[in-house]
1. What's the center-to-center distance, using Cα atoms, between segment B:39-113 and segment A:78-94 in Å?
2. Share of Cα-Cα pairs in chain C beyond 31 Å, in percent?
3. Report, largest value first, the span of the C-alpha coordinates of segment A:1-146 along each principal axis, in whole Å.
4. When the helix-only estimate is applied to chain B (DSSP H runs of n ≥ 4, each -39,500 (n - 2.57), divided by the residue count), what is the mean residue ellipticity at 222 nm, nearest 500 deg cm²/dmol?
5. If I take R0 = 25 Å and measure r between the Cβ atoms of B:Met44 and A:Trp115 in this structure, what FRET efficiency does the formula 1/(1 + (r/R0)^6) give, to the nearest 0.05?
6. Roughly how many nanometres apart are two label points built 7 Å out from the Cα toward the Cβ at B:Ile36 and A:Ala236?
7. Starting from the Cα of A:Lys155, draw a straight line to each of the lysines and keep only those under 24 Å, dropping any in the same chain fewer than 8 residues away.
8. Determine, at each q value in 0.20 (inverse angstroms), the log₁₀ of I(q)/I(0) that the Debye formula gives when each Cα of segment E:2-70 is one equal point scatterer.
Amino acid sequence: MLDLRIKQRIVAALLIVLFFAGWEVFCIASGMSDLILPRPSEIMVTLWQRFPILWPHILQTLGSTMLGFGLGVVLGVFLGCIIGASRTAYDTVYPLLIGFSSIPKVAIVPILVLWFGSGTVPAVLTSLSICFFPIAVNIATGLATTEPEMEDVLKALGASKLEILWNVGLPRTMPFFFASLKVAITYAFVGTVLAETVASNRGIGNVMMSAASSFNVPLLFAGLFILAGLGVILYAIFSLIEGRVTGWANRKNDFAAA
Amino acid sequence: MLDLRIKQRIVAALLIVLFFAGWEVFCIASGMSDLILPRPSEIMVTLWQRFPILWPHILQTLGSTMLGFGLGVVLGVFLGCIIGASRTAYDTVYPLLIGFSSIPKVAIVPILVLWFGSGTVPAVLTSLSICFFPIAVNIATGLATTEPEMEDVLKALGASKLEILWNVGLPRTMPFFFASLKVAITYAFVGTVLAETVASNRGIGNVMMSAASSFNVPLLFAGLFILAGLGVILYAIFSLIEGRVTGWANRKNDFAAA
Amino acid sequence: MSESQTPSLSVAPGTSAPEAGTHRTPAIELSQATVTFGRGKQATPALSSTTLRVQDGEFVALVGPSGCGKSTILRLVSGLLRPTTGAVIVGGREVAARALRVGMAFQNPTMLPWMTIEQNIMLPLKIVQPYKASYRRERKGAFRDKAHALLAQVGLKGFAGKYPWQLSGGMLQRANLCRALIHEPRMLLLDEPFGALDQFTREELWGILQDLWLAHRPTVLLVTHDLREAGFLASRICVMSARPGRILDDSPVDFARPRTVPMTFEPDFVALNQRLREFIVSARAGAAPVEAH
Amino acid sequence: MSESQTPSLSVAPGTSAPEAGTHRTPAIELSQATVTFGRGKQATPALSSTTLRVQDGEFVALVGPSGCGKSTILRLVSGLLRPTTGAVIVGGREVAARALRVGMAFQNPTMLPWMTIEQNIMLPLKIVQPYKASYRRERKGAFRDKAHALLAQVGLKGFAGKYPWQLSGGMLQRANLCRALIHEPRMLLLDEPFGALDQFTREELWGILQDLWLAHRPTVLLVTHDLREAGFLASRICVMSARPGRILDDSPVDFARPRTVPMTFEPDFVALNQRLREFIVSARAGAAPVEAH
Amino acid sequence: QETTIKFTLGWKTQGSDAAFFVARDKGYYKAEGLNVVIDQGEGSGATVTRIMGGAYDAGFGDVNAIIQNAAAKPGEAPVMVYMIWNKPPFAISSKKSVGITKPQDLEGKTLGGAQGTPTTRLIEVFARKNNVDMSKVKLTNMAPNLQEPMLIKGDIDGALVFNITSYFNLLLNRQDPEKDYNWLMFGDYGLDLYSNGLMVSQKLLKENPKAVEGLVRATNKAMMETAKDQNMAMKSVMAFDNLVNEAVEKKRLQYSFTHLMVSPELAEIGVGDTKDDRMARAIGIIVEGYGLTRTPKPEEIFSRQFLPAKSERALVYTAN
Ligand SMILES: Nc1ncnc2c1ncn2[C@@H]1O[C@H](COP(=O)(O)OP(=O)(O)OP(=O)(O)O)[C@@H](O)[C@H]1O
Ligand SMILES: Nc1ncnc2c1ncn2[C@@H]1O[C@H](COP(=O)(O)OP(=O)(O)OP(=O)(O)O)[C@@H](O)[C@H]1O
Ligand SMILES: [Mg+2]
Ligand SMILES: [Mg+2]
C-alpha cells in the first residue's frame, strides 16, 4: 500500500515536471517572445535572482491573504449556517450574496481604499470579500443535504438546534467545507493581489504591477509562480487536515488502496 | 405549506427591500458623496435612463459569460471526474489547477489579447478559466466521498467504471455540482467583465471602465447592479433545475415544511 | 417479581380510550392519532386513527405486518413526527419528549459515520442531562468506561474504536441498542433492535434487556416481528393491522418474571404465540399485502 | 421435483476440499480463503481459511453468529472483495462474476436515493446483458411491467414511484429482493433478505423464492439467522463459527420440494432445527460473543 | 484590395483620440485602401506591447515606452511615424493649499503615483535635475483613478499624473483644476520629452510601407480638420462610443491641442514631426530614468519617412 502510494507520487511528480518541460519546449519551438510567454527556466532564474527582494513582498501578500482568508472562513461558515438553517435566510441572503459575488471586486477596491487608506486593510477586505462566498455556498448545501435520519438521532434525544448543527450538520458538511476551502484559498490570493495592484506599496500584486509596466514579463511571471506556489502549499496543508477530518467520507480511497 | 412558502417569500422580499432602503438611508445620513458610493435610487435612475444604451452591452456580456460558463462546466466536470477517479490525476492535476487558480486572471488577460486580439474571445476564455475550478473541485470531492456501498450495488452487477460513474458517482455528486454552479456562475461574470475592462469595445466591463475613467460613479454602479441582477437571475434558473435534480438530497426542507 | 406491580391497561381496539378510570397519567397516550405522508394524489396514509395508552413502567410490544406504521408510532412518541390529526401526549405533555430522556433504537442503526462506535454510543451522554454537564470531564473517564462496559455486554468488546462501516450488520444493531440504553432513559423506544441477529445472540440480549427493565422499570415500546420475542419481553402485546395501521388487539402477557428461554417452549407460551398467530392470520385475510402464489 | 437433481457436496469442516472426485466444475469455490481487514494493530480477521464449494443450481444457506463473516463471504463471491489469502473461483474463473449475472441482495438494502423504487429495481436491467441492449427501448414498456409485476408479488403494488425514504424498513428489504431477482440471474447472493419482515410476509416470500428456484435453478447462497428459513429453502446448510469465521458444519437438507409452511412444523423438520441449534450452541460455548448474564 | 489594420487606442475612448475617429468616420482610411479596426486600449505603454505581441499593427501610444523596449529588443519595438503630443503630459498636481509651486516644495510631502506610468518612473530624474532630495519625499502607489479622489481627500499631497487625464478627473470630481490646483509640468523643469503619437509595427513598416503612408496621411488630414472643428470631431467620437460624456471629452480634445500640441516647435516643424536633437535628449533622459542598458538611436524610435509635406501638416487650432 505504501509502495503504491510512493509510486503514484513519483508518477505525479514526473507528470508535473513534464508539464513544465512541455511549456519550455513549446516556447522554444514556437519562438515565443518572452514578452508574451516566458520560458519556465527563465522565470525560475528570475525568481532565484530576485528572491531576496521579493521575500518581504511574499510575506506581505501571504499575511494579508491569510488574514482575509481566516476572516472569510469565519464569515462563510457563519453565513452558510444561517442560509442552511433558515428558509427565510435562504431566500434573503442567498440572492444578495449571489449579487454581491457577481460583482468584480476590482470595482469595490477603490471604495475600500478611500475608506481605509491604501495598504493592508483593503487587501484583507478584498481577499475576505472574494473568498467567503464559496465557503458559504458549500456549507449551506452541505447542511441542506444532511440526511434527516442522522439528525433524528439527536432530535430524539431532545437536542437543541445548535447541538444538532454542531454534532451532525457541521461534521457531515466537512467534505463540502474542505472542497470550498480549496477554492477559497486560491481566490483569497487573487483578492489580495487585486487590491495590491490597485493601491499598495508592498506585496506581490505591487511587484507584478511594476513588472508589467516596465515590461519585465519574466518578473511578472515570477510573481505568478510565487502565487501559484503559495496556493499549492496552502492547499497541501488543508489536504493534510482534510485527510484527518473527513477521512470517514473518503472510504472509497481506502478501499482502492487496500 | 404553500401559504407558509408564500409568507416566507414575502418576508424575504421585504428584507431585501429593507437592505436597499438601509443603504439609501446610510448614504443620506452620512452625507456620502455619490462619487464614492451613490444611493441605490440614483443608480436605478441612471440604469433606467441609460438602459437603451446599455442593452447591447448587457447582451454582449451575457453571451460571453454563458459561453465561457458553458465551456467551464464541461471542462470542470471533465477534470473533476478525472481527479475524482484517478489517484495519479489527483496528485498531478490538482496541484496544477490550484496553482493556476491562485493566479489572478487579470494577469493572463493581456496574454490572451496578444494571442486572440481583443473582444469576445479573451472574455470567454477568462470567464472559462475562472469558473471551471470550483466545479472541478466539487465534482472531485463529491466523487471521492461517494459511499462505497452505493457503488457496490453496481459493481456486483459487473458494471464498468463508466457505468458506475454515470449511474452512481455523478447523481450522488449533484448537490456538490449545483453548489459549485452557484459559485461558478458568479465568477464567470467576474471573468468576462475583467477581460472586457482590459480588452473590449463592448460589454458591461467596458462600460464600467469607461464610467470609472470618467468618474461617472452612478453609471459604474449601474453596471454592478446589472451584473448582480444577471447573477441572481441565472442563480434562480439553476435553483429551479437544482430543485428538480437534487430534490432527493434536500429531504430536510421537505420535512421542515411538512 | 410478579407482573402485578405494573398494571397493564387493555384498550379495546377501535374505541377511544376512556378519559376517566385511570388514576395514573399514562406515560404515552396516542388518541385518535392519524398520520398521512404527502398530500393530494401523493398522499400515503400510514396510520389510521390509532389510540394507545402505555402506563409508566410498562413494557409494550408492537407487532404487525411490514409497513403498517410501527416505526411511525415510535416516531410520533419520540416527537420526531407530528400526527396529521389526533393527539400524542408523552409524559403529560403534547409533543416532544425532551424531559423524558427517551432512548431510541432506530430500525436502521444510523450511526454517525465520522464518529467511532464509542463516540456514537456516548452521544446521548453529550446531549442529555444530567450527563451533559459533566461530559467534557468524564468522556475519557467514567463515561467511556460505561460505554465500554455496555459494548462488552452485547459482545462488542474491542470494537469501541472502530468506525461504523467496519462493523457487520448485526454488530451495528447491537451498538445501536447500546446507544439507546447508555443514558438510562425513563422511556425506551426500540424498533426491531434484534432483527439482524442470530437466535442465540438475540436470546442473550433478551435476558439483558429484561434484567434492565426489572431493575429500573423504564417504559418500553418494542417493535418486533418475532412473537416469541414479544412474549418473552413484553407485559403487553399490541397487534396492528396492515397499512394504514390501527391497533387490532391488545393483550397482556402474564408470565412470571424473570422469564427464561426454556419458558418460551412451554405449552402456555406456545399457546399464546399460536393465538396471536391465528389472530393475525385472520386479520390479514382481508388485506393481504402479498399476492397469493 | 426431488432433491436428487442437484447433488449436494458435503465438505468436512476444517479440511480442504478434495481436488478430484467432482465431475462438474462448481459454480462457487472458496479454497482456504482468508480475509483480514486493515493491517498491523488495526487488523481485524474476518474470515479464517474458509473452504466452500457450491455446485451449479444448488441452494446453500449460511448460518452463523453475528459478525462471523457471512456477508464477507458473499462479498468475496460477488467479486466486491478479494481474499487476503486463498482463492475464490466463481464460474470457473478467479474473481469477479460479471458473466454470471449475479443478483445480490445486500444486508442493508442500499437503494440509490435519487431514484424511485422502480428505477432502483430496474438498475440491473440497465447494466446486465442481454437486457442492457434494449434498456432504452423497453424501460417504459416491458421492463417496467416486469418491475411492477415483481413489486406486486412482494406486496409493494403502488410503491413503484416512491422514493426509498418513503418506504418502511421491511418494504425496502422487499424492494431489495426484487432488485436481486429482476434480471433472472444464474447466481443469487441473498444476505438476510427477510430480516426486517414479519413472519407471514416472510413465509409468503419463501414460497415465491422456492418457486423461482424450482423453475430456473439458479445457484443461491442465502445468509439467514432463521433456522426454519434455512430448512425451508436450502438444499444444504452451512454453519459458521464465531469471528473469524470458518465453516463448522455442512449438512444437506433432503425434504421433498416444493416445501410448505406446515412442513416446517413437522417432527423431521423440527428435529433438523434442533440438531443445528444444539450443534451451534456447543460450537459457541468456547467463544461466546456475549457475556453470560 | 483593402489592407486591414488592427489599431489600438492608448486608453478607453477619449476626446483627444478624435482624429482617428474622424479619419475612420469620414472614410479617409478607406480612401487610402485601409480597413482600420479600432480597439480601446489598456494604457499608452501597453500599446507598445500589444503591437510587439503581434495582435495589433498600429496604435496610439507613448514614445517613451518605445524607447524602453527598443533598448532591450532592438528590431522588435514599434516605430513612431506620426508624433502627436510633442509636449509631455507628465505633471504633479496638488491642491493650492498644500503649496507645491516649485520642485523643492515636494520635500516632506507625500506623493501618489500609479505604478509604472512615466510620471512615476521619471520622478527620480525630475528630482535629480531640480535638486530635490527624494529621501524626503514619500511615494505611495495607487491605481490611476484613485489619485484624484485621494488628492481631494487629502491622503496624498500631490499626484503624479498626466495633466490631460488628471485635469478632467478633477473636473469630474467637481473640483476647479485651474483655481484650486497647482500643476508642476515636467516639461517646464528640464524633462523635455515627447509623448504620444501614432506608431506602427516593424512588420507593417517593412511589408507594407504604402499602408503606413496612407495611415499617416489619412490621420493627418483628420487632425487638421479636428483642429478646426471640434464639434464635428466629437460627432465621430460619439459614433464610435456613445457612452462617453460628450461635453467633457470635447474639452479634453481642446485641452490636448492647447496644452500638448500647440507650441513654437509645432509651428516650426508641423504636426507629426520631431526634432532629432530633442529626441536624442529625450532618449537620454529615458535611458537614465529607467536605467536602460542601451541607448537606442533616434531613427530606431521615430521615422519621418511617411510624413506628408510640411505644408499639409501646418496645424491651425481654432477652438469652437
Ligand atoms: N417519509 C415518508 N414519506 C412517505 N411515506 C412514508 C414515510 N415514512 C413512512 N411512510 C409510509 O408509511 C407507512 C408506514 O411506515 P412505517 O415505517 O411506520 O412502517 P413499519 O410498520 O415500521 O414497517 P416495517 O415493519 O416494514 O418497518 C409505510 O407504508 C410507508 O410507505
Ligand atoms: N470494511 C471493514 N473494515 C474492517 N472490518 C470489517 C469490515 N467489514 C467487515 N468487517 C469485520 O469483519 C467481520 C465480519 O463481518 P461480516 O459483515 O461478514 O459479518 P456477518 O457474518 O455478516 O455478521 P452479521 O450477521 O452481523 O451481518 C466483522 O467482525 C466486522 O467487524
Ligand atoms: Mg419500521
Ligand atoms: Mg452480515
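1. For segment B:39-113 versus segment A:78-94, the Cα centre distance is 25 Å.
2. On the way: 12231 of 42778 pairs.
Percentage above 31 Å: 29.
3. 58, 51, 29
4. Values: 11 runs with 210 residues, N = 258.
Calculated mean residue ellipticity at 222 nm is -28000 deg cm²/dmol.
5. Working: r = 23 Å, r/R0 = 0.93.
The pair B:Met44/A:Trp115 has a calculated efficiency of 0.60.
6. Rounded to a tenth, the inter-label distance reads 4.4 nm.
7. Here the lysines satisfying the reach criterion relative to A:Lys155 are B:Lys252, C:Lys70, C:Lys126, C:Lys132, C:Lys146.
8. With one equal scatterer per Cα and no solvent, log10 I(q)/I(0) is -0.79.
Readers should treat all values here as calculations from the given coordinates under stated rules, not as data from a laboratory. Note that the coordinates shown come from a computational prediction; the quantities given were computed from them, not determined experimentally. All Cβ positions, even for glycine, are placed from backbone atoms using ideal geometry, and neighbour counts span all protein chains on display.
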